[in-house]
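The block underneath contains the structure these notes are about, expressed in structure tokens.
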Amino acid sequence: QVQLVESGGGLVQAGGSLRLSCAASGRTFGTMAWFRQPPGKEGEFVATITWNGVTTRYSDSVKDRFTISRDNAKNTMYLQMYNLKPEDTAGYYCAANPLGTLSRYDANYGYWGQGTQVTVSS
């Protein structure tokens with residue numbers, strides 16, 4: 001059974017840091033990504049990473065504050081978040097694609113986790 005399980009969310013003050021994890025099981029994946037859905041808003045792309053971790057892409061809103069990485073030996077992806085802002089408050093979801101094409105579009109990812117909540121207080 002293929003599963004993606006996120007962890008690491010929580011409540012943090014503005015300016016703080018969190019690290020999210022996404023543990024995959026059941027198969028290995030090519031491209032993986034993080035998306036988020038702020039309360040009352042549509043989902044949005046956060047970051048994506050190729051299977052070997054060499055190439056990454058970020059949304060403009062998180063670039064220079066967030067770092068995506070992966071450890072293929074552990075079949076786990078991470079999102080290190082620094083200098084968090086109240087507008088980063090959202091449910092964060094990991095997504096995976098068996099293929100290798102980087103994408104900012106959720107339709108290109110066939111596997112999704114259940115999400116982890118990040119709340120940033122001002």
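Between the residues Asn83, Asn52, Ala24, the greatest Cα displacement towards the positive end of the dipole of the chain, with unit charges on the Cβ of Lys, Arg, Asp and Glu, is found for Asn52. Entry comment: accessible area of the chain is 52 Å² per residue, from protein heavy atoms only and a probe of 1.4 Å. By how many nm would the segment from Glu42 to Tyr105 lengthen if fully extended, with 0.36 nm per residue of separation less the alpha-carbon distance? Contour length minus the Cα-Cα distance gives 21.4 nm.
In a DSSP loop and with at most 14 other Cβ atoms within 10 Å, the trypsin sites (Lys or Arg not before Pro) in the range 10-53 are Arg27, Lys41. Positive contributions from Lys and Arg (+1) and negative ones from Asp and Glu (-1), summed over other residues with Cβ under 12 Å from the Cβ of Glu87, come out at +2. Out of every Cα-Cα pair that the chain contains, those further apart than 18 angstrom amount to 45 percent. Using the Karplus relation 6.51 cos²θ - 1.76 cosθ + 1.60 with θ = phi - 60°, the per-residue 3J(HN,Hα) values for the range 63-71 come to 4, 6, 10, 10, 10, 9, 8, 8, 10 Hz, with x marking Gly and Pro.
Quick one: pull the percent of accessible area on the chain belonging to carbon and sulfur, 1.4 Å probe, ligands and nucleic acids left out.
Within the chain, the accessible surface is 47 percent carbon and sulfur.
Note on exposure: Trp112, Trp51 ranked by accessible area (1.4 Å probe, complete protein assembly) read Trp51, Trp112, with the most exposed listed first. The packing ranking of peptides 56-69, 77-90, highest mean first, is 77-90, 56-69, where packing means the average number of other beta carbon atoms within 10 angstrom of each residue.
For the chain, the relative contact order comes to 37 percent (Cα pairs under 8 Å, sequence separation of at least 6).
The values are calculated or read from the model by the stated rules, or taken from the named source; none is laboratory data. Note that the coordinates shown come from a computational prediction; the quantities given were computed from them, not determined experimentally. Backbone-built Cβ (ideal geometry, glycine too); neighbour counts: all protein chains shown. These accessible areas exclude ligands, DNA and RNA; they are computed on the full protein's heavy atoms, side chains included. Shrake-Rupley method; radii C 1.70, N 1.55, O 1.52, S 1.80 Å.
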